[in-house]
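The next block holds one structure in the form of structure tokens; read it before the comments.
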Amino acid sequence: MSDDQPAAPRPAGPTPSAFPAYGGWSGSPDVLAAEAPERSPRRAPWALVGGIALLVLALVGGVTYAVGALSGGGSQPDDALPTGAFAYASLDLDPAAAQKIDAFRFLRTFPALRDKVPADGDARKVFFDAFAQDAGWSGVDFDSQVEPWLGKRLGVGVYPPSGGSSTPLVVLALQVTDQDAADAGLRRLAAASGPAAGSQWAFSGDYALLTDVPGVVADLAKRAESSPLSGDATFSADLAAVADDGIATAWVDMSAAFKAAASSGLGSGVDLGVLSGVSGQAGRSTVVARFDGADTFEVVGRATGVGTGGWATHPVQGMDTLPGSTVAAVALSDGDKLVPKAWASMRRSLGDQAGQLDQSMALLRSEFGITIPDDLATLLGSNAVLSLDSGQNSPAIEGGARLSTDVTAAQAVVDKLEAAAKSSGGDLPVVRREAGGDLIVATTRSEASRLAATGDLGSNADFRHALPDLGSAHVAIWVRPALLATALFGDSAVDENLDHVKGVGITVSSDHSGTASYRFRLVAR
């Protein structure tokens, strides 16, 4: 569809004045708008910014749900986008009833959001009002000119570059309730934004597909009719394996994504090699954001083809017996197996550039005697727990680690680290202690004593709620944000909103097939 086919029953772009070409972000965030002629900075890439801005608004800055409208049915953005995407993200402002109620109650936990999350509010209007002035939409009335056609779901598909371009193709799928009204409404918004480089839209089912690359949107809509992204067996199976409901979803084919990043010049070869070596170039990753009751927001995910998969033989141990005053902790099982595996995978991913990494490590070995990855593997051992304590006997935060490893070999590594720090003009004052066959390294004697004893962190209800998978996790992270900020920066660093976040937990587990599962949970009361 296009403007030069006015007789088409469902008209579509290019619009007379719409969105800037993808790239060159130097202006304020915008969605369907471009800079007015008198302004020099260009607007942000509308499709990308639109998806990100609405996602942030929904999860952090004031999602409002009309609790009475609890449908949650209907088509999804992946039904309207064509297959072939290597990345996809969606936001659902009309999820299942339980998700709506939990989201409403969770967000109202925070004082800064209570007035922005009225029971009878509309998230779409909140979003529209937030960007109306910057976009030039001050003269557009949301209630009469936007609300009648705007749906409650949004998706973004990212496709490989085409037509000689090196830039991935970003396509926004915006749910609409009336195609004719939506076409008129999109034109109105574009006209209100002022003249700019042409952009296009076409309709696919219950959605308007929008992209800023000329000449492709009609073909995208046509392809979606016969081959929607939702019909891709791999894509659908990945989404189904993570969760059956939620408010936001993201999926990426990492192999295609790394190829697109490399061809677009995004990141150095070393950067991409490190990331692909750890995550697995041939795999896929899927995450779903959801609410688990009125006090918990979580993101659950699953990744396949993980290059370091299956390293662990047992779950992490010792995190629940840390001191109750612990404000942050990280636990890792079988780090001595993970480190060499990750290192080898990373070097393979770097290819010809692996030599640069080898040269850096050779210099470290020649100057300080530190051998990577061997020394790091020795320190981490079969189980490592690192923690920060609020400092019961001093105003400063105290830290330490309990390492289940060859104590004598680990002591030698610590010696080398201390010598390297000293030769570089610094200092690494640590207290060492052996307890139960483990090596304890801490910044103070009091922290070393606490780590040697059996603590009661596991009795903390927020700790248990934030880490429900701790018993099967191979990596675990625990943070008490308000207490950590207070310990590091003083009481002035904590506002009343952060004080309501009682704990953040992250768990990761991996099997021998190269599949990893992970969970992020934020507990607020």
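The values are calculated or read from the model by the stated rules, or taken from the named source; none is laboratory data. This is a predicted model, so every value here is computed, not measured. Don't worry about glycine lacking a Cβ; one is built from the backbone with ideal geometry, like all the others, and counts go over all protein chains shown. Accessible surface is based on the protein model in full, side chains and every heavy atom, while ligands, DNA and RNA are left aside. Shrake-Rupley method; radii C 1.70, N 1.55, O 1.52, S 1.80 Å.
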Item to complete: Please give the number of the condition W201 fails out of (1) surrounded by fewer than 24 Cβ atoms within 10 Å (Cβ to Cβ); (2) modelled with pLDDT of 85 or more.
Response: (1)
Worksheet item: Looking at (1) of a type outside the set (K, R); (2) under 14 Å from L322 (Cβ atoms); (3) open to solvent by 70 Å² or more (accessible area, probe 1.4 Å); (4) at pLDDT below 95, can you tell me which one D415 breaks?
Response: (2)
Item to complete: Please verify whether segment 472-484 includes one or more residues that are farther than 18 Å from F520 by Cβ, touching a residue at least 24 places away in the same chain (Cβ under 8 Å) and buried (at least 18 other Cβ atoms within 10 Å of the Cβ).
Response: yes
Item to complete: For segment 420-448, name all the residues that are open to solvent by 40 Å² or more (accessible area, probe 1.4 Å), in contact (Cβ under 8 Å) with a residue 12 or more places away in the chain and part of a helix (DSSP H, G or I).
Response: S423, R445
Practice prompt. Scan (1) at pLDDT 85 or above; (2) closer than 25 Å to A516 by Cα; (3) of a type in the set (A, V, I, L, M); (4) surrounded by fewer than 23 Cβ atoms within 10 Å (Cβ to Cβ) for the single condition A282 breaks and write down its number.
Written response: (1)
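Okay, residues lined up against (1) in contact with a Pro (Cβ under 9 Å, 6 or more places away or on another chain); (2) in contact (Cβ under 8 Å) with a residue 60 or more places away in the chain; (3) assigned to a helix (DSSP H, G or I); (4) at positive phi:
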position: P214; (1), (2), (3), (4): yes, yes, no, no
position: D219; (1), (2), (3), (4): yes, no, yes, no
position: K222; (1), (2), (3), (4): yes, no, yes, no
position: E225; (1), (2), (3), (4): yes, no, yes, no
position: T234; (1), (2), (3), (4): no, no, yes, no
position: A237; (1), (2), (3), (4): no, no, yes, no
position: A250; (1), (2), (3), (4): no, yes, no, no
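Would you point out the residue of segment 478-524, among those that are of a type in the set (D, E) and outside any helix (DSSP H, G or I), that is modelled with the highest pLDDT?
Our first condition is that a residue be of a type in the set (D, E); within segment 478-524, this holds for 491, 495-496, 499, 511.
Those left that are additionally outside any helix (DSSP H, G or I): 495-496, 511.
On the way: D495: 81, E496: 84, D511: 89.
Residue satisfying both the conditions and the ranking: D511.
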Worksheet entry | Of the criteria (1) in contact with a Leu (Cβ under 8 Å, 6 or more places away or on another chain); (2) within 24 Å of P95 (Cβ to Cβ); (3) not in a strand (DSSP E or B), which one F128 fails | (1)
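Taking segment 452-471, which residues are of a type in the set (D, E), within 19 Å of A384 (Cα to Cα) and open to solvent by less than 60 Å² (accessible area, probe 1.4 Å)?
The initial filter retains those residues of segment 452-471 that are of a type in the set (D, E), namely 456, 462, 469.
Still in the running and within 19 Å of A384 (Cα to Cα): 456, 469.
Once the filter is applied, which keeps residues that are of a type in the set (D, E), within 19 Å of A384 (Cα to Cα) and open to solvent by less than 60 Å² (accessible area, probe 1.4 Å), segment 452-471 yields only D469.
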Discussion item. Please list, ordered by residue number, the helices (runs of 4 or more DSSP H) wholly in segment 308-391 having 2 or more residues that are of a type in the set (V, I, T) and under 30 Å from L457 (Cα atoms).
Written reply: none
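Do you know which residues across segment 392-426 are over 30 Å from D456 (Cβ atoms) and of a type in the set (A, V, I, L, M, F, W, C)?
First pass over segment 392-426, keeping only residues over 30 Å from D456 (Cβ atoms): 408-409, 412-413, 415-426.
A409, A412, V413, L417, A419, A420, A421, listed by residue number.
Being in a strand (DSSP E or B), touching a strand residue (DSSP E or B) at 6+ places or on another chain (Cβ under 7 Å), modelled with pLDDT of 95 or more and surrounded by 14 or more Cβ atoms within 10 Å (Cβ to Cβ), is that true of even one residue in segment 175-190? Even if it seems obvious, please write down each step before you answer.
Restricting attention to segment 175-190, the residues satisfying the condition of being in a strand (DSSP E or B) are 175-176.
Subset that is touching a strand residue (DSSP E or B) at 6+ places or on another chain (Cβ under 7 Å): 175-176.
Then keep just the ones that are modelled with pLDDT of 95 or more; that gives 175-176.
Right, trim to surrounded by 14 or more Cβ atoms within 10 Å (Cβ to Cβ) and you get 175-176.
Checked against the condition, which is being in a strand (DSSP E or B), touching a strand residue (DSSP E or B) at 6+ places or on another chain (Cβ under 7 Å), modelled with pLDDT of 95 or more and surrounded by 14 or more Cβ atoms within 10 Å (Cβ to Cβ), segment 175-190 yields at least one hit.
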